[in-house]
Structures are given as structure tokens and as C-alpha cells.
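Visitor: Submitted below is the structure of interest, expressed as C-alpha cells.
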Amino acid sequence: METQEKLKLTIRPPRLSTQLDLQSMVIPSILLLFVFAYVPMFGVIAAFQDFKLEKGYLGSEFVGLKHFAAFFGGRDFIPIMWNTLWISILKLIFVFPAPIILALLLNEIRFRLFKRVTQTVTYLPNFLSWVIVAGMFFSILAVDNGDINQLLKSMGLISKPINFFSEPFWFKPILIFTNVWKTMGFGSIVYLAAISSIDPTLYEAAQMDGLNRIKQIWYITLPSILPIIVIFLVLTLASILTAGFDDILLLTKQGTNIVLRGTSEVIDTYVYRVAFRQQIPNFSYGAAAGLFKASVSVILLWLGNRTARKLTGAALW
Amino acid sequence: MKSSKDDIVFETFAVLVVTILSIMMLYPFLNAMALSLNDANDTLAGGISIWPRVPTLLNYEVVFQNPRIGNAYLITIARTLFGSFVSIIFTALMAYGLSKEHLRGRKFYMGLCVVTMYFSGGLIPTYILMKALGLTNNFFVYILPAIVNVWNMIIFKSFFEGIPKSLEESAQMDGANHYQIFFSIIIHVSLPVFASLILFTAVGHWNDWFAGAIFMAGREGDKLVPMQTLLNQIINSNIMMEQLGAIAPSAAEMARMSAKVSTKSLTMATMMVATLPIVMVYPFLQKYFAKGVMIGSIKE
């Protein structure tokens, strides 16, 4: 190891001209990144302007923090923040642990074929688009002859069908359920991979000591995959202002289901609505709301990644 | 082993729970399939679960005859094939370059990549950019912004870093440049990670509805709308039934057709058409998935 370090120090960095092939592999992608990721970053100045598409960044008038003041002081701010945080917390409680539980269960099953088939089946929802997931659940939860309503009726639990998409109460449960349904199976891959790298001699030793399977999970499996869990947990916490977008938008028919707006609107869908779904699009106001979210998220992510490294010695980057 | 009885109980419990979960995951899909294959009028009576009661292919017939769906399908196929190919090539080449420690400017390049994982300009500045670049109502809006995928790059890079150096060294001695090494050696020893990332990228393209919804507008844009965007319009409105007139050869034929299909049955058939290709492909690549997820890239 030491000699390697020394060797590295004595080798001078190669000249650019000797690695044109390597550089030409990287530079085109960097340029694309510059155009499609960095230019929009500078584009956030629209939040400080009264941006007009036809005038552009250079021609639009600067108005300072006007749009931020309007956003924070407006009557939409509190309900949107409430929904954003509440949906994120619900997702953290239900959506986050679901794949871990599935992975632990799958790991206990020794019947190979069963395991493979159930894995294929539980991965399926991940490959369906949110458009399709929303379409399927609209059908299953339909008022007239939807499966769920029929089931509840036949069990005598309800006398008249529930209108799942017209009653604000049902929106969050449906959102959380569909998210668990869609992500549980595929999310388990990460944890299964982590479990499969656990040293098998640990389990052998545990069996010698007479530990049953539940205790083996508790004392060996869970502690072994804890670092991965912590990393994902911290990063999930850091993205707490990203409560969802496709799922919310599509389950509310792109926000056109106005009954659900009070319970479903989060920052991201709000930005979309003020910019693209209004008679007079308000780019600057939307950009201000978006920039607020992006700024808070940067700080949280940076803290999150640091925390993950401190807690587990590992991080995503 | 003395705890074996507990273990059997526990394993049975695990099998039971996983079975119930699997049924729950599969049911909405099978239900939609059954509805798409069932007579529309019979569907009104309710009670269809996973098997069509009055089987018919009429719903699919109507869907396939709809020129807008055919067009949207072609757009989806085109962007999926072309978009995934370009994205994987650019992203993997970039990752290969960045996996070389002696690459000049490596830290700078990596820094540029990592910043994009923390911060993005967001929806509105992105829209303004696309507008300025003339990418609205333009097929390339599906391709260009999605070429470089930093997450995939990091997965590729950590995989390439794990490839033994000796594999490349002999080729280097023979005077091969990095492109030759990449295409003749690296790709071959990295097939699992390529397989899963190609699939994930392709699924991303296939399932994207949003780009079609915001960057395409008006008559011109309608022609470039992909399947998922169109499907979303179909689910949220009655455009399928309204369009029956366009595909029926005569008024009498239209009356016959519209009596036999419904918005719901046509929507289900369209959903199946839009999703079956992926559902039929992913199980074959399943064994590679673990290679395509973040786990290998977590930095100790």
C-alpha cells in the first residue's frame, strides 16, 4: 500500500495531449450537462424578475424579492407546506420501511422457485408508469362497480358506495397505498443485495448457539444492513420537501380534480400549476416557490450526506 | 437443530405474507387486462375480476385502428430506442473516462456532476431553456436533456473501477486506445450492469408522460405526443369515444362500434397496449437488477 502511494506521487500527471481519447469520452457529456443542468440553474434569476417569455432573461424587469414575499405571505403557503410535510412524513412511515420488510421476509424463504416468481411479481408495479397506475386505481376504486366498493358492500361494511376520488379524506391514504404498492417490490432489491453479502458463517454460529430465525434477523441481518438503511433514511429525510409529483398530479387528474386540491397540493405540483395550468401563467412566482424548495433541499441533502457518513462511515457520494 | 419447529412456523408465515402481497401487486394489472378483453356492455354489470366473462377483441380492434394511438406508439418506440441508446453510450463513456485516476481534470468533472445531484434549476427555468433552444414541439426534447444521467454514470463508474486493471493492460501494450478497450473489453465484462441500466433507461423513456405534456402543444405538438401522455389524456377525458367517428368507415359502422365499446373498456385496452412490451421484457433481465442499483456505489 505504501509503495503504491509513493509510486503515485512520483508519476507526473499525464499531459492532455496523451489522453485525448479519454478526454473526448468525458467532455461531450460535460457540455450536455452544462447546457441542460447548469443553464437552468442560472435561470432561477427568473424568480427575481417579472419574467416574460417574449422578453427573456435580459429584457425582463427585475423586481427583487416580490415573488418570494407574495409566496410566503400568500394564503397558499401554509396549506402547501402542511401537505408537503405531512405527505413526506406519511411516506417515511409507510413507504420507506415496506421494502425492508419485504426483503427480510423474502430472505427467510428457502423455496427458490417461489422466491423468484414472487420477486418477478412484486417488481411488476415498478415498471408501470404512474399514468397507468392511476388509471388502474381509478378503475378499482370507481364509485359504480369498482372492485373495492363491491367488496365492501358484499361484506356489509357500507350501504352506499364510497366516492374515493371526491372525498378529500381518502386522498392521502390512496396516495400512500399506491406508493407502497408501486415501490415495495423493486425497492427490496437494494436490501436483498445487502443481505446477500452478509458473511454466512455468522448465521452458522448463531445456529450453533440455538438462535431461532427471528432472533437471527434481529441480531445479525438487521444490524448488517443498518448502514444501508441509515443512508437511505437520511437521504429520504433530506428530500422531505419532495413529497411527490407524478403520483399526486396523476391521481388528481393533473390538479383538475379541484375537490382534492386542499389535501393534495404540494410545492412541486403548485409550481407546475401556477406556471402551466393557469389562464395567465406566472413563471416568476412559480420559479420563486421552486427556488425556495430547491435551496432548502440542497442544505438538507448536504447535511444528510454528511450525517450518513458520520453515522455509518459510508455515503452516496 | 432445536429451534427448527419455530423456524418452520416462521417460514410458513413469510410465505403466506409474501403470497398475499404478490396477489395484491398482480391483481390491478390482471383486472385491467380482464376488463380490456371483456365486452363493454357486460363490464357495466360489474363483477369482472381477473377473467373476462364475455371475451372480445373488439376493444383492441378499435384501439389499433385509432391513428393517434398508432402515431403515439411510434413516437414512444422511437424515443425509447434512440434515447436509451444515446444515453447509455454517452453516460457509460463518461463513466469510463472518469474511472481513470490519471484523467486530467477528473476532480473538476466529478464536482460538476455531483452538484447536479444536489441542485437543479427546476421546472420553470428548464421550460424556459427548452423554449429558447427551440425544443418545444420538437422530438429531440425527449432525447437531449436525458442523455447524461449522473446516477447511472456513478453506478457505471463504480463498476468499471472494480474491473481488474490487468484486463486492460495487455490491450494497452498492443497499442489499443481507450475507445477500443471500452468497446472490445469493458462492455463485455460489464454486461450485467449494462443490461439493467439499459432496461431502466428504456423504461424511463417508455413511461415518461410529462415531457409530452408540457413541451408539446397545439396541432404540431399533438403529432409528437408519446403513448403515456396520450393515455393520460384518454384516462382523463372522453377523447376515445369522440374519435370513434374518425376511424369508423360509415355512420352505421360507428353506431355499431360505439354500442359495443365504452370509454372504460377502451381505456383498459390502451393501457394494456402501452404497458405489455415492458411487462414482457423485464422478467428476463431480473437477475441483473442488483447490479444496476445504487448499492455498489456507496462510498466507504
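Visitor: When you look at A:Ile231, is it facing chain B (nearest Cβ under 9 Å) and crowded, with 20+ Cβ neighbours inside 10 Å, yes or no? Talk me through it step by step, then tell me what you get.
Guide: Values: facing chain B (nearest Cβ under 9 Å): yes; crowded, with 20+ Cβ neighbours inside 10 Å: yes.
Spelling it out, A:Ile231 is indeed facing chain B (nearest Cβ under 9 Å) and crowded, with 20+ Cβ neighbours inside 10 Å.
Visitor: Go through (1) over 30 Å from B:Glu169 (Cα atoms); (2) of a type in the set (D, E, K, R); (3) over 25 Å from the mean Cα position of the chain (by Cα) and name the single condition B:Arg79 misses.
Guide: Of (1) over 30 Å from B:Glu169 (Cα atoms); (2) of a type in the set (D, E, K, R); (3) over 25 Å from the mean Cα position of the chain (by Cα), only one is false for B:Arg79: (3).
Visitor: Name the single residue that is nearest to B:Gly46 (Cα to Cα) among those in the range A:103-118 being crowded, with 18+ Cβ neighbours inside 10 Å and at the interface with chain B (Cβ under 7 Å from one of its Cβ atoms).
Guide: Only one residue fits best here, namely A:Thr118.
Visitor: Condition test on B:Ser22, is it assigned to a loop (DSSP other than H, G, I, E, B), of a type in the set (S, T, N, Q) and touching a helix residue (DSSP H, G or I) at 6+ places or on another chain (Cβ under 7 Å)? Spell out the reasoning first.
Guide: Numbers: assigned to a loop (DSSP other than H, G, I, E, B): no; of a type in the set (S, T, N, Q): yes; touching a helix residue (DSSP H, G or I) at 6+ places or on another chain (Cβ under 7 Å): yes.
So B:Ser22 does not fit the description; no.
Visitor: From B:Arg53, B:Arg68, grab the single residue that is at pLDDT below 95, among the basic types (Lys, Arg), in a helix (DSSP H, G or I) and over 30 Å from B:His178 (Cβ atoms). Steps first, answer last, please.
Guide: Details: B:Arg53 fails: in a helix (DSSP H, G or I).
So the residue among B:Arg53, B:Arg68 that is at pLDDT below 95, among the basic types (Lys, Arg), in a helix (DSSP H, G or I) and over 30 Å from B:His178 (Cβ atoms) is B:Arg68.
Visitor: Another question, then. Within the range B:158-206, restricting attention to residues that are within 11 Å of another protein chain (Cβ to nearest Cβ) and of a type in the set (Ser, Thr, Tyr), which residue is surrounded by the most Cβ atoms within 10 Å (Cβ to Cβ)?
Guide: Applying the filter and picking the extreme gives B:Ser196.
Visitor: Is it true that A:Leu211 is facing another protein chain (nearest Cβ under 9 Å), of a type outside the set (Gly, Ala, Ser) and under 24 Å from A:Leu102 (Cβ atoms)?
Guide: Working: facing another protein chain (nearest Cβ under 9 Å): yes; of a type outside the set (Gly, Ala, Ser): yes; under 24 Å from A:Leu102 (Cβ atoms): yes.
It is true that A:Leu211 is facing another protein chain (nearest Cβ under 9 Å), of a type outside the set (Gly, Ala, Ser) and under 24 Å from A:Leu102 (Cβ atoms).
Visitor: Residue by residue through the range B:101-157, note down the ones that are of a type in the set (D, E, K, R), outside any loop (DSSP other than H, G, I, E, B) and facing chain A (nearest Cβ under 7 Å).
Guide: If we filter the range B:101-157 for residues that are of a type in the set (D, E, K, R), which is where we start, we get B:101, B:104, B:106-107, B:131, B:157.
From the residues that got through so far, the ones that are outside any loop (DSSP other than H, G, I, E, B) too are B:106-107, B:131, B:157.
Within the range B:101-157, just B:Lys131 meets the criteria.
Visitor: Looking only at the range A:181-201, count every residue that is surrounded by 15 or more Cβ atoms within 10 Å (Cβ to Cβ) and more than 10 Å from chain B (Cβ to nearest Cβ) and tell me the total. Explain how you work it out, then say what you get.
Guide: As a first pass, look at the range A:181-201 and keep what is surrounded by 15 or more Cβ atoms within 10 Å (Cβ to Cβ): A:181-195, A:198.
Subsequent filtering for residues that are more than 10 Å from chain B (Cβ to nearest Cβ) retains A:183, A:188, A:195, A:198.
Qualifying residue count for the region: 4.
Visitor: Here is a follow-up. State whether one or more residues within the range B:148-171 are more than 28 Å from the chain's Cα centre (by Cα), over 23 Å from B:Ile278 (Cα atoms) and of a type in the set (S, T, N, Q).
Guide: Yes, the conditions are met somewhere in the range B:148-171.
Visitor: Now for a different question. Could we say that B:Gln233 is among the polar types (S, T, N, Q), more than 23 Å from B:Phe90 (Cα to Cα) and more than 9 Å from chain A (Cβ to nearest Cβ) here? Full working, then the answer.
Guide: Working: among the polar types (S, T, N, Q): yes; more than 23 Å from B:Phe90 (Cα to Cα): yes; more than 9 Å from chain A (Cβ to nearest Cβ): yes.
Judged against the criteria, B:Gln233 is a match.
Visitor: Continuing with this model, one more query. Residue check, A:Gly135 against (1) more than 30 Å from A:Gln216 (Cβ to Cβ); (2) more than 7 Å from chain B (Cβ to nearest Cβ), all met but one. Which one?
Guide: Looking at each condition in turn, A:Gly135 falls short on (2).
Visitor: Can you tell me which residue is nearest to A:Pro99 (Cα to Cα) among those in the range A:120-132 that are touching a Lys or Arg at 6+ places or on another chain (Cβ under 8 Å) and facing chain B (nearest Cβ under 7 Å)?
Guide: Step by step, filter the range A:120-132, then rank; the result is A:Pro125.
Visitor: Within the range A:50-102, can you find the residues that are crowded, with 20+ Cβ neighbours inside 10 Å and in a loop (DSSP other than H, G, I, E, B)?
Guide: A:Phe51
The values are calculated or read from the model by the stated rules, or taken from the named source; none is laboratory data. Predicted model only: the values in this text are computed from it and were never measured. Using ideal geometry, Cβ is built from the backbone for each residue, glycine included, and neighbour counts are taken over all protein chains shown.
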